[in-house]
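What follows is a short report on a single structure.
The values are calculated or read from the model by the stated rules, or taken from the named source; none is laboratory data. The shown structure was predicted, so the numbers you read here are calculated from the model rather than taken from an experiment. All Cβ positions, glycine included, derive from the backbone under ideal geometry; neighbour counts span all protein chains shown. Remember, those area values only see protein heavy atoms, side chains included, never the ligands or the DNA or RNA. Shrake-Rupley method; radii C 1.70, N 1.55, O 1.52, S 1.80 Å.
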Amino acid sequence: MAVYTQVDDAELIAFLATYDLGDLLSCKGIAEGVENSNYFLHTSAGSFILTLYEKRVAESDLPFFLGLMEHLAAQGVTCPQPVRNRQGAALGRLAGRPAVIVTFLDGYSVHHPEPLHCAALGEALARLHLAGAGFPLHRANALSVGAWRPLFAPAADRAGEVAAGLREIVEAQLDELEADWPRDLPGGVIHADLFPDNVFFLGERISGLIDFYFACVDAFAYDLAICLNAWCFDEQHNYAPQKGAALLDAYQRLRPLTRAEVDAFPLLARGAATRFLLTRYVDWLNVPKGALVRPKDPREYLAKLRFHRTVSDLAGYGLAL
């Protein structure tokens, strides 16, 4: 989450007047994240999150995201629900941006996950993948392998500002990924951004999943590889095998990986690391002046990519074959 667009008080009050949410008591910008502008709203009806969509989120994709959250909730996955205004619309406009109010979930993000948290995530991810079956809308992954080179190319000349040799590393990796990326793995609806700050816990139990604005239809194992990258390294960006084994074991108890997914997993993990290295790199170079946002360091994912290049099978991630 982040704040790129500042909202005028009078405009916000007028926007809220179209909802049955009572009086505005407070509104506070949320600085974490990098994609959209987010505010914590407290009204006489309760607590909510207001999101103004920016940057990579296309307005035409919003019915997919909002409909998916409603579908998943109906299937037992706890996630925010869009609040509809008096005309029955979930999507509005505020400060020149598409805007949505969603329900607030209780819980907290775990910033230093332990194996028990990774196991809970593995189960939740498998449940999400199974629950997505039957969702009628389709959205291709706009940040899959075909998008990575066009994303990097305009900023390739500045790669040395972030890390020595970064341009050569990325271009060599893109050559490999574009040549070998699997196209026929089992798939369906994936979250595609299930980082620790998008998972809420109450004690050892996951209380909800948030931020579905990269959700799309893609390979399930790629979503699992994104989670392994995000959850299973320590603070020095060293891989933690116990975390990885906990994540993979818990996932497979509900949805066992196929042989093709097992064989492709190290490549998918490299691809996931490359995707977040590149989007973080571009964001690092292009923070709008005056934006309330903390860009994330792309070098974290460079370290993870280097690790994945040493792994040839799931045993390398701590899972017995």
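Taken about its Cα centre, the chain carries a charge dipole of about 140 debye when Lys and Arg each add +1 at the Cβ and Asp and Glu each add -1 at the Cβ.
Classified by the C-alpha gyration tensor, the stretch 17-97 has a rounded form. Its axis ratio a/c, with a ≥ b ≥ c, is below 1.5.
DSSP beta bridges fully contained in the chain are about 95 percent antiparallel.
The overall shape of the stretch 175-237 is oblate: from the C-alpha gyration tensor, with semi-axes ordered a ≥ b ≥ c, the ratio a/c is 1.5 or greater and a/b is no larger than b/c.
Per residue, the solvent-accessible area of the stretch 108-193 (1.4 Å probe, heavy atoms of protein chains only, all protein chains present) comes to 48 Å². Each Lys and Arg Cβ is given +1 and each Asp and Glu Cβ -1; about its Cα centre, the stretch 36-156 then shows a dipole of about 420 debye.
Shown for the stretch 108-256: the carbon plus sulfur share of the solvent-accessible area, taken with all protein chains present and a 1.4 angstrom probe, equals 53%. Between His138 and Ala164, the distance separating the two model label sites (each 7 Å from Cα on the Cα→Cβ line) works out to 4.9 nm. Farthest toward the positive end of the dipole of the chain, out of Gly88, Thr5, Val170, is the Cα of Gly88, where the dipole comes from beta carbon charges about the Cα centre.
Per residue, the accessible area of the stretch 199-321 comes to 39 Å², computed with a 1.4 Å probe over protein heavy atoms only. Axis of helix 259-285 versus longest Cα principal axis of the chain: the two differ by about 60°, to the nearest ten degrees. Rounded to the nearest 20, the Cβ-based charge dipole of the stretch 235-291 about its Cα centre (Lys and Arg +1, Asp and Glu -1) stands at 120 debye.
Applying the criteria of a DSSP loop state and at most 11 other Cβ atoms within 10 Å to the trypsin sites (Lys or Arg not before Pro) of the stretch 153-257 yields Arg183. Classified by the C-alpha gyration tensor, the chain has a prolate form. Its axis ratio a/c, with a ≥ b ≥ c, is 1.5 or above, and a/b is larger than b/c. Cβ under 13 Å from Ser44's Cβ, Ser44 left aside: what net charge do those residues give with Lys, Arg +1 and Asp, Glu -1? In short, -2.
Applying the criteria of a DSSP loop state and at most 12 other Cβ atoms within 10 Å to the trypsin sites (Lys or Arg not before Pro) of the stretch 9-113 yields Arg86. One Cα centroid belongs to the stretch 150-205, the other to the stretch 39-55; the line between them spans 29 Å.
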